[in-house]
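What follows is calculated from the coordinates using simple rules that are stated; it is not laboratory data. The structure displayed is predicted, hence computed values, not measured ones. Cβ placement follows ideal geometry from the backbone for every residue including glycine, while neighbour counts extend to all protein chains displayed.
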């Protein structure tokens, strides 16, 4: 048990640090304050809350703190899952349907309201308590785990797979472009959640092995770190980090200023193409690809309107 707690605290601290860095970069750099990155910010906030809740050390003797940790763990984790689904939906609407980013207020209601409800009703069954290395739903609350977590997790997984396949097919057929990073989104989600899902299927049976518990705790605690790499480490963020590392080089500063000026001319499709792996500022070949994509996109939209 002590080893599990150490793994949880170390991995959660890494996640908290990485998620906080991405959030601070957003708040301190105006060029990152795009509709796309606002969704990434909400995901990082949820992951930060989850990492902070996981670091809390509680036990049955400190029941009040244990209940607080259980509620915050459940709420922040489910909020992160829903924001991942919202990100996939908005990316599909922006790239495939060529529409303005939908109003984000309704997504706040969904990403805050649903996790709050799902995290509040277990109190009625007194189902929160110590679950191995941290407080969450009690190990014998299998039905609540299935309804409260497993259904949501599997639903969002199929949801995002559908949208990313739709985006990939659109880019390949319409614009003759490929982005392998599209597959990282569902892969990272599966990597962080699959261990808990398997654990629920096994009904938290001790026969699953202690080493499996270590792997499960490690990956779920690294959720914020993995999401910050996949969602937060965009070409814009890399340029900002590069400017910090080479701040003494005036040439790099001038290049960054030119890149910042070019950002103001990006279309809404490009604002989503940047996170999925197309850097429109570092490669002339990619610029040609983006221009060709925009031209073919206009043709595709006109064809859709004529149908």
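Dividing the convex hull volume of the alpha carbon atoms of the stretch 1-104 by its residue count, what do you get in Å³ per residue?
Cα-based convex hull of the stretch 1-104, divided per residue, equals 108 Å³.
Cα convex hull of the stretch 2-233: mean projected area in nm², to one decimal? Can you show the working numbers first?
Details: hull surface 52.0 nm².
Its Cα hull, projected and averaged over all orientations, spans 13.0 nm².
When 31, 213 are ordered from fewest to most other Cβ atoms inside 10 Å of their Cβ, what list results?
31, 213
How far apart, in nm, are the 7 Å Cα→Cβ label points at residue 17 and residue 200?
About 3.1 nm separates the two model spin labels.
Calculate the spin-label point distance for residue 180 paired with residue 132, positioning each point 7 Å from the Cα along the beta-carbon direction, and give it in nanometres.
Label at residue 132, label at residue 180, 3.2 nm between them.
Where does each of 221, 18 land when they are ranked from fewest to most other beta-carbon atoms within 10 angstrom?
With the fewest neighbours first, 221, 18 line up as 18, 221.
Can you give the FRET efficiency for residue 229 and residue 27, using 1/(1 + (r/R0)^6), R0 = 25 Å, r = Cβ-Cβ distance, to the nearest 0.05? Please report the intermediate quantities before stating the final value.
Details: r = 19 Å, r/R0 = 0.77.
Result of the calculation: an efficiency of 0.80.
Quickly work out the residue 241-to-residue 158 label distance, labels modelled 7 Å from Cα along the C-beta direction, and quote it in nm with one decimal.
According to this spin-label approximation, the distance is 3.6 nm.
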